[in-house]
Structure formats: C-alpha cells, structure tokens
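This report refers to the structure that appears directly beneath it.
The values are calculated or read from the model by the stated rules, or taken from the named source; none is laboratory data. Model, not experiment: these values are computed from the prediction. Note that each Cβ is placed from the backbone with ideal geometry, even for glycine, and that neighbours are counted across all protein chains shown.
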Ligand code: SF4
C-alpha cells in the first residue's frame, strides 16, 4: 500500500448519526470477490430513501455524523468506501473496528468535533502529516491516533512488520504454552 | 501496582511492546467463518501458510441453511469456499452436518475452546461474547484476520477501561438481555467506544454462563469492542468436562483462572453502576440498539424522526401493544439452551398468533432441546423449528423478514435492513419474544409467567 499524503476536493456530506456498516454495505453483497469492486454497493439500500446517501461521483472526502461505521466488523464497508473513491472520512467519532479496518486499507478516519465540522466550507485539503483540514474559511485540526497516522503516512503493512519479530514470537509461544498448557489444543 | 482482570490477561500475551504504545499480542484461538474468504485470498496472494493451524478453527454459520439445502448457488459457494480453505490449510472445521456445528460464539464455549485468560479473535464483532469467561475476545476485520492467519499475533493499542457494576437482584422475567439493553439505552451506542468493559456486581455474579454470554455479546452494541466477566465457580462448572477443556492440567488451570480478578483497588477510566431492581423487560423501538425502553413505557416524545419513519411508529405510542407480524428466536445472543427454555416456558400450552422461526445456537443445543421436548412446545404453538445458524439475525442464508414487516427478535441489531431490506426489528429477550408470539404484539411477559416456572 502506498503512503497517504494529502487529499483535496469538495467533500460529500452524510450528516446522520450511527451510520452502521450494515448500511455502508448490506450483507447480501459481501460474497463477491474484491476484484469485482465494491463501489457500486456503497450505501446501496440507504440511497433509496435518503437523498444524502447518494454521494456525488468523484468525491474523495466524506463528512459524516457521530459513531460512523458502528456495528458489524465487515471490512467490506471500508472496501465499498475506498472503491467508490473515498480516501478520508471526517466525523465526530467512529466505530472502533471500522476505524482500524479503515487504517488497514489506507482510508483516513479523522475525528473532528461537530462544531469544527460545521465550520468547514468550500473545497478542503486534508493534510495528514499536520493533522489539519484547510478550507475556505481557515484551518481546523483533527484527531488521529499517532500510531495510525504513522502507519497511514508510510503505507505500512503489518505482516511485514510482524515477520521481523519471528524469533520473539517463537520464544513467546514456547514460554506461554509451558506456563499455560491448556492454551494449546 | 494494582491491575484489572483485563490488564492481567493482556500482560500475559504481550510478545513485543512497541515504544508508540502498540503491543504485539499472541492469539490463543482464532475462529474463521465464511466471511473469511477475503482474508484467505490475501494470504494466498502473499503465498503464506496459516502459521498455527492447530489454533485456528473453521465454523460454518453465517450462510448455513436452516431448512435443507442452501438457498442459492452464491450461498452454497460461500460455504464451499470455507471448506476448501479449511482443508487446504489443515484446519479443524465445524462444517455443515458435523454434530458440533453451530454459531461460532455458541460453539466456542460449548466445545471448551473458549477458556478463561485466553486471547480470542474472530472476524466478527460479536466475538466479545467469549469475554464472559474472563478472556480477552474481540472482533477484527479481514486485513487483521489475514495477519492472524499468517502470524498468530495481532498489533493492538490497549483500550481504556470501563466497569459496569450491576448490584441487586433482577426481577422475575428480567434477563441478561434486559441488562444489556438497559445500559446501552442509558449510555448510547457510542457509550463504551474505545473501552474494554468489565461487568461486575452481585447481579452479574448471579447470572448463569448463558446470561453472561448474552451480556458480553451485546458489548459491541454499546460501542465496546471487549466485554468481560471475571471467572468464578460458575465459569469453572461450565468449562469442566468440555471436549477441548483441559483434564490432566485441570487443577492448575482452575487455580490460575480463579486468580484472574481485578484487584480491589484497580482503577477504571470509567465506572457505571446500575441497580438491578430498576431494570424492567426492555424492548427497542428504533433502528439502533440504544433506542430502547421498558415495555411499560412508550416511544419517546423526542424520538428521531428518521427512526420512527422507518419503523412505522409515532412518538408517544405505548410500546406494549405494538402489533408484530412475526417472531425470531435465535442468534449468538439468545439461542442457548437456557434461552430456549425461557421461551418455551411462556409458550407451553399456548398458541402463537403470528408465525415465527426458532433456530437453536448449535446442533448440540438443538439435540438437547429435542431431548427435553422443547421443540414440540414450539411446534405445537405454531412456530417453525429449524437447524442452527446465524439465520434471521443477518439474513445471509436467505432467512429474511419481508419489507415493512415487523419482527420481535432475540438478536442483537435492529439496524435498518439488518434482517432484510425494509425489515422492522424489535430486540428483546427470548421470554419477551415468546410473549409477543402469544399475543401478536409487544407485551410485558411478566403476567404471562404467573404460575409458571420461568
Ligand atoms: S448470529 Fe448474528 S451476530 Fe451472531 S455471529 Fe451470526 S450474524 Fe453475527
């Protein structure tokens, strides 16, 4: 995965709270291989009744409501956003599992207070290194866990990092299973 | 330094502590269901094997047919792919037709794979269920699943801590599900975000393992990725003698497990207390699990417009008496033997006014219920008794609620479309669902329990 630098554009807005991952992608589309692209299924059912869920084509930034991505751990919710073209979601809070899935796929979950979100005006530039969103009226900071910030900036892949600890892992396993034999099966 | 239960289990699994505060943790048990196809594909793309096939278990549940054959070729394909992946990598697989098959969060404990003090992960948000044994158990996404497959480890930043203490005695007809819905409605769906929850207090100690599993299961609906209960005699009695539970090392294991308690002076980032006596049978009225209230109450006057429109309800309407079209008893939240007994206690000798489905949490529970004659009570009442799987909790196998239909359900999510496009879900306990079946409407189960053994 290549590193995240910044993203610029007119944001799409979905000003609803608790948009869960079942809304982001209904379960019936999840059996497809990723190579087919998940973009067309983003907010599939919600689009029928909720005009705001019809996101403008080409949007790369999404401004959302509190507790975005709560619910099911389905990473397909992130695939749908990423395949649609979204690279950053700005919201007051995120479901915990959604946020870590997002980071694993190079999608930025940026936390901003509702007040700050309300100030955002015109085209935005989301600067990850500076953790700030520039807009027509000025600049608003956002919050991102520093570990995630580094991971996104570098485009790190956890498996590569972990494999460097191969020997530690093997030693841990031996010790752990000796002390807790029931942890084996 | 004083430590919590969570701290103790976490510390025992740290392989490497990175300076930035992220720890590399050892994973003791990894469960994979049909949704793991993305993760196996990622693994194949890197040409990596499964690091610890002996600690990785396949479970067919999300797409499992409950009435004969898979409903479509697509669904059959999902089930086949898991079997192929399990075979390729030499994993034990609780597949269709295996007498041990069932919902992952039901059979982990049932088989004794879930033990106190372990770290358990699965690509499913309700993995928090297993925390009922005093394990650190949490749901992960596909990229993390592929990481665990490849390394048997996971990078995690330690969450904040939260203790929910429930003291006192729960009233008759009030269950763990009501405790869960009560705290979630009080704190909101983001109430425990970023926190690991420990449930404590006399009302929690008084719960059976089944009740504790239900409570920990719902943690994620309040935003908590982890829910835990400290091990005690109830835990040990449940574990003892299970197929994968230790036998030779039982004494040592049991002593260790009982030591996994939060120290008396352990500090939590957040403390919440509830009085058990204040909790009534609770139902949801909206499209989020926190939109819930006691059955004796009404749809709140300030209820969100959008939820009311979807649910076809009006503010101020009493919850008791809202007519339902069907019922569902099932899911990893409430389809264990005790749940089926509670529903059967209400239905015994009565007829359901609406149709419904009863899907036991595992094939073994199905058999046990049949041995106890519970299946006959359901069938005589007019409900359908089907095989085990996630079924109408998520509708992936084709068991769905039709658009606009209202379902009283023992599941965990009332999200829009969760039980099928346009489906209207009301969450509640198994006894309350049985009461809804009998009256054809949301109903307080308590009067229906009078003179009966609950
Ligand atoms: S029963 Fe429902 S909540 Fe439980 S694992 Fe299956 S789909 Fe998930």
**OP:** Give the number of residues within the stretch A:22-33 that are facing another protein chain (nearest Cβ under 8 Å) and buried (at least 16 other Cβ atoms within 10 Å of the Cβ).
**Re:** 7
Original post:
What single numbered condition from (1) within 14 Å of chain A (Cβ to nearest Cβ); (2) closer than 26 Å to residue B:260 by Cβ fails to hold for residue B:149?
Top reply: (2)
Subject >> Options B:59, B:104: the member that is within 13 Å of the ligand (Cβ to nearest atom), at pLDDT 95 or above, more than 13 Å from chain A (Cβ to nearest Cβ) and surrounded by 23 or more Cβ atoms within 10 Å (Cβ to Cβ) >> reply: B:59
Subject >> Hits in the stretch A:34-69 - residues which are within 11 Å of chain B (Cβ to nearest Cβ), over 12 Å from residue A:23 (Cβ atoms) and touching a helix residue (DSSP H, G or I) at 6+ places or on another chain (Cβ under 7 Å) >> reply: A:34, A:38
Subject >> Only listed residue being closer than 19 Å to residue B:406 by Cβ, free of Cβ contacts under 8 Å to residues at least 24 places away in the same chain and buried (at least 19 other Cβ atoms within 10 Å of the Cβ), chosen from B:292, B:315, B:307, B:343 >> reply: B:307
**OP:** Starting from residues that are in a strand (DSSP E or B) and in contact (Cβ under 8 Å) with a residue 12 or more places away in the chain, keep the ones in the stretch A:127-154 and report whichever is farthest from residue A:64 (Cα to Cα).
**Re:** A:138
Original post:
Within the stretch B:72-83, restricting attention to residues that are within 14 Å of chain A (Cβ to nearest Cβ) and away from the ligand (no atom under 16 Å from the Cβ), which residue is surrounded by the most Cβ atoms within 10 Å (Cβ to Cβ)?
Top reply: B:81
**OP:** Those residues that are within 13 Å of another protein chain (Cβ to nearest Cβ) and loosely packed, with under 14 Cβ neighbours inside 10 Å, I need them from the stretch A:1-14; list them, please.
**Re:** A:1
Subject >> Of the criteria (1) away from the ligand (no atom under 16 Å from the Cβ); (2) under 19 Å from residue B:143 (Cα atoms); (3) not in a strand (DSSP E or B), which one residue B:24 fails >> reply: (3)
Original post:
Of all residues in the stretch B:390-407 being within 8 Å of the ligand (Cβ to nearest atom) and touching a strand residue (DSSP E or B) at 6+ places or on another chain (Cβ under 9 Å), which is nearest to residue B:365 (Cα to Cα)?
Top reply: B:391
Original post:
Among the residues of the stretch B:416-437, how many are surrounded by fewer than 24 Cβ atoms within 10 Å (Cβ to Cβ) and within 14 Å of the ligand (Cβ to nearest atom)?
Top reply: 1
**OP:** Sort out which residues of the stretch B:25-56 are more than 9 Å from chain A (Cβ to nearest Cβ) and without any contact (Cβ under 8 Å) to a residue 40 or more places away in the chain, and write them in order of number.
**Re:** B:44, B:45, B:47, B:53
**OP:** Answer with yes or no whether residue A:106 is more than 11 Å from every other protein chain (Cβ to nearest Cβ) and either closer than 21 Å to residue A:18 by Cα or in a loop (DSSP other than H, G, I, E, B) (or both).
**Re:** no
Original post:
Taking the stretch A:64-85 as the region of interest, how many residues are surrounded by 22 or more Cβ atoms within 10 Å (Cβ to Cβ) and under 16 Å from residue A:111 (Cα atoms)?
Top reply: 5
**OP:** Could you tell me which residue of the stretch B:107-139 is surrounded by the fewest Cβ atoms within 10 Å (Cβ to Cβ), considering only residues that are within 14 Å of the ligand (Cβ to nearest atom) and at the interface with chain A (Cβ under 9 Å from one of its Cβ atoms)?
**Re:** B:139
**OP:** Give the number of residues within the stretch A:155-184 that are free of Cβ contacts under 8 Å to residues at least 24 places away in the same chain and in contact with a strand residue (DSSP E or B) (Cβ under 8 Å, 6 or more places away or on another chain).
**Re:** 8
Original post:
Of the residues that make up the stretch B:356-363, is at least one touching a residue at least 60 places away in the same chain (Cβ under 8 Å), more than 16 Å from the ligand (Cβ to nearest atom) and under 30 Å from residue B:299 (Cα atoms)?
Top reply: yes
